[in-house]
1. Output yes when any residue across region 131-141 is within 25 Å of L8 (Cβ to Cβ), among the basic types (K, R) and in contact with a strand residue (DSSP E or B) (Cβ under 6 Å, 6 or more places away or on another chain), and no when none is.
2. In region 241-278, which residues are under 23 Å from M94 (Cβ atoms), of a type in the set (D, E, K, R) and under 18 Å from the mean Cα position of the chain (by Cα)?
3. Against the definition (without any contact (Cβ under 8 Å) to a residue 24 or more places away in the chain and either outside the structural domain of R204 (by TED's automatic domain parsing) or in a helix (DSSP H, G or I) (or both)), how does R294 come out, yes or no?
4. Conditions first: (1) part of a helix (DSSP H, G or I); (2) closer than 24 Å to L128 by Cβ. D193 passes all but one, so which condition is the exception?
5. Looking at region 167-181, is at least one residue exposed (fewer than 15 other Cβ atoms within 10 Å of the Cβ) and among the hydroxyl-bearing types (S, T, Y)?
6. Would you say S98 is buried (at least 21 other Cβ atoms within 10 Å of the Cβ), assigned by TED's automatic domain parsing to the domain that holds F30, hydroxyl-bearing (S, T, Y) and within 28 Å of Q235 (Cβ to Cβ)?
7. Taking only region 12-33 into account, find how many residues are modelled with pLDDT under 80 and among the aliphatic types (A, V, I, L, M).
8. Please verify whether E259 is among the charged types (D, E, K, R), closer than 30 Å to S22 by Cα and part of a helix (DSSP H, G or I), treating the condition exactly as stated.
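The values are calculated or read from the model by the stated rules, or taken from the named source; none is laboratory data. In this text, all values refer to a predicted model and were calculated from it rather than measured experimentally. When we count neighbours, we look across all protein chains shown, and the Cβ atoms used for this are built from the backbone with ideal geometry, even at glycine.
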Amino acid sequence: MERSEEYLKDLQRIIRRVEIRSKRMASELFSGEYHSSFKGKGIEFSNVREYQYGDDVRSIDWNTSARKHELYVKLFTEERERSLLLVVDASASMLFGSREHRKKDLALEVCAVLAFSALQNNDKVGLLVFTDQVETYIPPRKGRHHVLMILEELFQLKPQSKTTNINAALSFIRYTRRRQEIIFLLTDLVDSDYEKGMKLLNTRHDFILVHISDPLDKAIPPSALLDLEDPETGQRLTVDGASRSTLARYGQEQSRQHEELRQRLRRMRIDSVFLDTDRSFIGDLNSFFRYRERKV
């Protein structure tokens with residue numbers, strides 16, 4: 001019982017530190033960018049005022065005009081309330097990290113900043129965590145308490161499975177989230193045959209892929225023999241880290257696959273952000289928001 005209470009206290013301290021840092025980043029770096037990067041759901045009636053020369057006659061409110069015996073026009077504002085859904089890959093490959101941070105750690109930090117950016121904008125925030133199945137789902141709601149509940153779920157989640165099925169998550173969203181939402185999918189894309197699901201989701205929602213990688217996904221440093229194991233399948237592979245030709249071939253192949261992925265996403269018109277565990281995500285996320293501002 002004492003260990004359980006101590007664990008909860010440690011968890012609360014960690015979440016509090018994450019909240020303070022993420023709220024500061026959301027306020028100082030991303031608040032305005034987040035607000036202007038995503039469209040609202042449409043326009044809604046706001047008020048009426050007296051007609052002025054040059055007003056569009058199509059905006060005249062005939063009922064109010066007849067009642068007050070003067071011409072009045074309708075005023076509209078953009079309906080800004082939106083829902084943000086964080087879709088997080090919790091498969092075993094996301095536990096990998098060759099440096100200080102794992103892929104999972106980076107995904108959690110990005111989720112926290114996005115969630116507090118949405119909170120400051122009075123948007124709803126939800127969470128879906130998946131492996132080869134939906135591990136947990138928290139529908140979008142408003143409020144600080146709800147955001148903290150999402151962070152707590154991310155910190156203490158213990159997935160039931162190790163492997164990845166992105167389509168399982170995308171299908172769940174298509175059948176449960178009918179209204180347009182902002183969807184961030186955070187994954188290292190250790191999977192295949194997800195393109196159709198992404199395209200279908202992108203037609204209804206504002207869909208963004210956050211691709212998370214590690215330096216070892218792109219290049220192997222010179223070394224002796226390396227014994228590598230796939231965290232999802234357990235398959236093992238020995239690599240001669242002292243062979244320059246082997247290292248060069250690996251780097252070239254990874255570079256080719258990365259460029260093919262970028263081109264495939266462009267053809268599908270999927271907005272994407274590429275993040276690495278060995279560097280800060282702030283610059284990349286800021287660049288993405290600026291790109292979205294121009295696009296909107």
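1. Yes - at least one qualifying residue is present in region 131-141.
2. Once the filter is applied, which keeps residues that are under 23 Å from M94 (Cβ atoms), of a type in the set (D, E, K, R) and under 18 Å from the mean Cα position of the chain (by Cα), region 241-278 yields R262, D271, D276.
3. Working: without any contact (Cβ under 8 Å) to a residue 24 or more places away in the chain: yes; either outside the structural domain of R204 (by TED's automatic domain parsing) or in a helix (DSSP H, G or I) (or both): yes.
Judged against the criteria, R294 is a match.
4. (1)
5. Yes.
6. no
7. Taking region 12-33 and keeping what is modelled with pLDDT under 80, we get 28-33.
Now narrow it down to the ones that are among the aliphatic types (A, V, I, L, M): 29.
Adding up the residues that qualify gives 1.
8. Working: among the charged types (D, E, K, R): yes; closer than 30 Å to S22 by Cα: no; part of a helix (DSSP H, G or I): yes.
When the stated conditions are applied, E259 does not pass them.
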